[in-house]
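Following: one structure in C-alpha cells, then a few remarks.
Just so it is clear, none of the values below were taken in a lab; they were calculated from the coordinates. If you're wondering where the values come from, they're calculated on a predicted model, not measured in any experiment. Quick reminder, even Gly has a Cβ in these numbers, built from the backbone with ideal geometry, and neighbours come from all protein chains shown.
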C-alpha cells in the first residue's frame with residue numbers, strides 16, 4: 001500500500017522515491033513511496049487528502065514555507081527556521097519537521113570530516129536552502145556564519161533569526177556583488193556552501209567568480225545541488241576539497257525515515273537507491 005510521497009512543483013526529478021524505497025525495502029516494508037506533483041494552489045487540498053491517505057510526506061521546493069499554515073503541529077526546530085520538509089501523519093493529525101539542517105550537518109561530516117562546533121561557514125544564496133540549514137548549524141555550535149545574497153534583505157532576515165535564537169554565533173551579511181566582502185568572507189571560512197539554483201543547467205555560470213576561492217586554499221566547497229556543477233568543477237580543478245548535495249539528501253531523508261518508522265535506515269541502501277535514474281533530468285535541492 002502506498003503510504004508515503006514526496007511533493008513539489010516540479011517533482012519529477014526527485015531522487016527521494018528510489019532512495020526511500022530502498023530503505024523501506026531493506027527494512028521489510030515493501031516499496032510504499034511515490035512522487036506527487038502538487039502546485040501551490042493544490043497544497044491545502046493535498047494536506048486534507050494526506051490526513052486520510054498518507055503516513056508521511058517529504059516536501060521539496062517551493063512548498064517548504066507555504067505548507068506551514070495547513071499543519072496541526074510544528075516541531076520547534078522547524079518553527080524556528082520557518083521551513084518544513086517532512087510531514088508525520090498520525091490519526092489524521094499532521095506534524096511538520098525540518099530535517100534539512102541535519103542533512104547538511106552530516107553531509108559535511110561525511111564528505112569533509114567537518115563538524116559545526118566552532119566552525120565558520122559561508123552561505124552563497126539565502127533562499128529556502130539557507131533558511132532551513134543556517135540556523136541548524138548555529139544551534140549545533142557554529143562560531144560564525146557569513147550570509148551572501150544578491151539581495152541583502154533576505155540575508156538580513158536569516159541573520160536576525162540566528163541572532164535571536166543563537167546570540168553567541170557571529171553573523172555577517174554581504175552582497176553578492178561586493179567582491180571584497182565576499183573575498184573576506186571566504187578567507188574567514190572553513191566551508192563554503194553554495195545554496196543558489198545556479199548549476200542546475202549545464203550552461204549556468206558559477207554564482208560568483210571562482211578566483212575568489214584563492215583567498216582561502218584550505219576552504220571546503222559544498223554545493224547543495226547534487227550534480228557536478230560549474231562551481232564544483234572549478235573548485236576541483238583548483239585542488240580544493242569539494243562535494244555535491246547527494247549526501248545531504250540522503251541524510252535528511254534518513255532523518256525523515258526515522259521520524260516515520262522509528263527504525264534506523266540502511267544508508268548504503270539509500271545511496272544505491274539514490275542512483276536510480278529519475279523520470280526527468282534536473283538535479284537539485286529537494
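The gain in end-to-end length when the residue 179 to residue 90 segment is fully stretched comes to 27.1 nm, 0.36 nm per residue minus the alpha carbon separation. Evaluate the Debye formula for region 138-185 with equal point scatterers sitting on the alpha carbons, no solvent, and hand back log10 of I(q)/I(0) at q = 0.13, 0.22, 0.25, 0.31 Å⁻¹, in q order, two decimals. Values returned for q = 0.13, 0.22, 0.25, 0.31 Å⁻¹ are -0.28, -0.72, -0.86, -1.09. Considering only beta bridges that DSSP places wholly inside region 140-240, some 0 percent are antiparallel. As a rough guide to protection, the peptides 37-44, 191-198 ranked by mean Cβ packing within 10 Å, highest first, stand as 191-198, 37-44. Most simply put, the chain has about 20% antiparallel DSSP beta bridges, counting only bridges with both residues inside it.
Potential lengthening of the chain between residue 272 and residue 42 amounts to 79.6 nm, from the contour at 0.36 nm per residue minus the alpha-carbon distance.
The long axis of helix 152-165 is offset from the longest Cα principal axis of the chain by roughly 70 degrees.
For a protection proxy built on the mean count of beta-carbon atoms within 10 angstrom, sort 11-22, 246-257, 168-179, 216-227 highest first, please.
Result, highest mean first: 246-257, 11-22, 216-227, 168-179.
In region 157-286, Rg over Rh equals 1.02, where Rg is the alpha-carbon radius of gyration and Rh the Kirkwood radius from pairwise Cα distances. Roughly how tilted is helix 100-112, in degrees to the nearest 10 and between 0 and 90, from the longest Cα axis of the chain? Roughly 60 degrees, rounded to the nearest 10. Net length available on complete extension from residue 68 to residue 164 is 32.5 nm, with 0.36 nm assigned per residue and the Cα-Cα distance removed.
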